1. Hey, among the residues in region 135-149 that are of a type in the set (Gly, Ala, Ser) and closer than 17 Å to Tyr101 by Cα, which one's least open to solvent (accessible area, probe 1.4 Å)?
2. Could you check region 70-131 for helices (runs of 4 or more DSSP H) lying wholly inside it with 2 or more residues that are closer than 17 Å to Cys56 by Cβ and either at pLDDT 85 or above or among the aromatic types (Phe, Trp, Tyr) (or both)?
3. Taking into account only those residues within region 19-30 that are surrounded by fewer than 19 Cβ atoms within 10 Å (Cβ to Cβ) and touching a residue at least 40 places away in the same chain (Cβ under 8 Å), which is farthest from Ala102 (Cα to Cα)?
4. Of the conditions (1) over 24 Å from Arg106 (Cβ atoms); (2) without any contact (Cβ under 8 Å) to a residue 24 or more places away in the chain, Val34 satisfies every one except a single condition; which number is it?
5. Would it be correct to say that Pro156 is modelled with pLDDT of 90 or more and open to solvent by 60 Å² or more (accessible area, probe 1.4 Å)?
6. Kindly provide the set of residues from region 18-50 that are over 15 Å from the mean Cα position of the chain (by Cα) and among the hydrophobic types (A, V, I, L, M, F, W, C), ordered by number.
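The values are calculated or read from the model by the stated rules, or taken from the named source; none is laboratory data. All values derive from a computational prediction rather than experimental measurement. Methodologically, a virtual Cβ is constructed for each residue, glycine included, from the backbone with ideal geometry; neighbour enumeration extends over all protein chains shown. Only protein heavy atoms, including side chains, enter the accessible area calculation; ligands, DNA and RNA are left aside. Shrake-Rupley method; radii C 1.70, N 1.55, O 1.52, S 1.80 Å.
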Amino acid sequence: MRQEITELVPRLRRFAYSLTGSMPDADDLLQNTVERLLARDMPEDADLTRWAFRVCRNVWIDECRARKVRREAAEQPELTDGQVVDGERQTTRKIEWNRVYAAMARLPEDQRQIISLVAIQGLSYQAVAEILSVPKGTVMSRLARARSALSAALAPASMRTES
């Protein structure tokens, strides 16, 4: 199983990046995912790939919840006195990549997960449905909405129509 997980790491890393939007966070998520995969026994009837992506997604959900708790705690005045927050991020990507990233970021979480699994990871609709525990039709409709939203967001300004 370790060998199979090792072979999955590049795909899991891409998926982690699509969820987090930053390489440092993606690497942390990947590490936490692999640790969890190795620490637990895989369900007998599970496909390793699908199980690994589901674990990765669940670890990310847990991290988002933990961040929300930390953010809310940090917003309390008694905890923030004297702290300096550096909100500046370095921009190192090309302009086109930034546009795609921004368009992906505007998608709802469920659409972003599905487009990542289908378009980036190349998983089948059925596999995505099993990973996310939703019907196959839901995967298809969310994917269609995500593709439409990305297409509209990335279209040249001269081609956009006002609704």
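1. Only one residue fits best here, namely Ala146.
2. By residue number, 109-115.
3. Thr20
4. Answer for Val34: the failing condition is (2).
5. Answer is no for this residue.
6. Within region 18-50, Val34, Leu37, Leu38, Ala39, Met42, Ala46, Leu48 qualify.
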